[in-house]
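Please read the structure below before turning to the comments.
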Amino acid sequence: MRYDYGDPARGSCYEYTHFFETLQRMKGITVRLFPFDEILRREGREKMNARLLETADWGADLYFFVLFTDEIQEQTIEEVAKRSGAMTVNWFGDDHWRFQTFSKYWGPLFQWVVTTDPASVPLYRAAGCRQVIQSQWAFNHFGVAPGPAQEDLDVTFIGQVHSNRASLISKLQRRGVQVQCWGKGWNNGYLTREEMVRTIRRSRINLNFSSSSMKFNAKSAAKVFLNRRADSSIHVRSIKEMISGGRAFFSRRRPQGIPSFRDCG
């Protein structure tokens, strides 16, 4: 996608900033962007999928997908690989909570899958995915120039308000820890990438919460039955998806794991 959650008002998404812009600046690689969220919003799902099939004559060696929901149709993924002769891979970044409801159905459509969740590697193989890469999140080092740390801010957090983040911040503040927060739901609002880098450099401590946004509330319950695509349109899920979603809703949530040195190896 081009924008965060497909919403231009939220600025560039992680995939664009840290995958596309990094690949774009690596030597020996030519990369072209297919911003499916922009095309979906402008032309609709059917035309967007047709446009993706038209890229088969680009001469690509590899199609690198980062799916959001079901914007790109199953048959499109299979057909673009057949027409182009290129390898296909998808980066699955939320398998600690979305494998059973999403990844296990979409993974087998690709020749390679990448997961950031060690526990999902054997699950992919059991689902028929033979070529699985375990990786971890990183950042676009081309976009961060070296510079001194100022450390004039005590503790900061940059990210959305969800799960128990607000209560954790409140506990710290009640105990005298001065925490300043930015992102969706906080009074300080959004930061651009440049502002975020500067803020982290100014921080003595910058917090990272590894919990996902899944929790027991009406919004999460609605997600069992409804799907929001990158153009903000709402669609009813299939029976198969509802059953998987219901099981996941009542199951114990796993945190996003903190990688060990062995995981990163």
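Values quoted throughout were computed directly from the atomic coordinates according to the rules given, and no laboratory measurement underlies them. Everything numeric here is computed off the predicted structure, so don't read it as measured data. Reconstructed Cβ throughout: ideal geometry from the backbone, glycine too, with neighbour counts over all protein chains shown.
Numbers at a glance
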item: Whole-percent pair-distance distribution, where bins are 5 Å wide, for the alpha carbons of the chain; result: 1, 5, 10, 14, 18, 18, 15, 10, 6, 3, 1, 0, 0
item: Anisotropy class of the range 144-207 from Cα gyration tensor, a/c 1.5 cut; result: oblate
item: Point-to-point label distance, VAL144-ASP61, nm (Cα→Cβ direction, 7 Å offset); result: 2.8
item: Rounded D (µm²/s) - the range 88-150, Kirkwood Rh over Cα pairs, Stokes-Einstein at 25 °C, 0.890 mPa s; result: 191
item: Under 14 Å from the Cα of LYS104 - aspartates and glutamates, other chains or at least 8 residues apart; result: ASP70, GLU74, ASP94, ASP95, ASP117, GLU241
item: Fraction of beta bridges assigned by DSSP in the chain that are antiparallel (%, nearest 5); result: 15
item: Inter-site label distance for MET87 and ASP154 at 7 Å from Cα along Cβ, in nm; result: 5.0
item: Tilt relative to the chain, helix 165-174 - C-alpha long axis, 0 to 90 degrees, to 10; result: 10
item: Cα long-axis angle, helix 239-250 against the chain (0 to 90 degrees, to the nearest 10); result: 20
item: Point-to-point label distance, LEU207-MET26, nm (Cα→Cβ direction, 7 Å offset); result: 3.5
item: Label-reachable residues, the range 65-105, where backbone N falls under 13 Å from a point 7 Å from SER163's Cα toward its Cβ; result: 94-98
item: Whole-number percent relative contact order across the chain, with pairs defined as alpha carbons under 8 Å at least 6 apart; result: 17
item: For the range 4-134: relative contact order, % (alpha-carbon pairs under 8 angstrom, 6 or more apart); result: 16
item: Additional length obtainable on full extension of the chain from ILE239 to ARG51, 0.36 nm per residue less Cα span; result: 64.8 nm
item: Set of aspartates and glutamates with alpha-carbon distance to LYS184 below 12 Å, sequence-local pairs under 8 removed; result: ASP4
item: Cα gyration tensor shape of the range 1-112, rounded if a/c is under 1.5, else prolate or oblate by comparing a/b with b/c; result: rounded
item: Range of Cα positions in the range 104-197 per principal axis (Å), largest first; result: 51, 34, 20
item: With at most 16 other Cβ atoms within 10 Å, longest stretch of the chain clear of loop trypsin sites (Lys or Arg not before Pro) (DSSP); result: 33-129
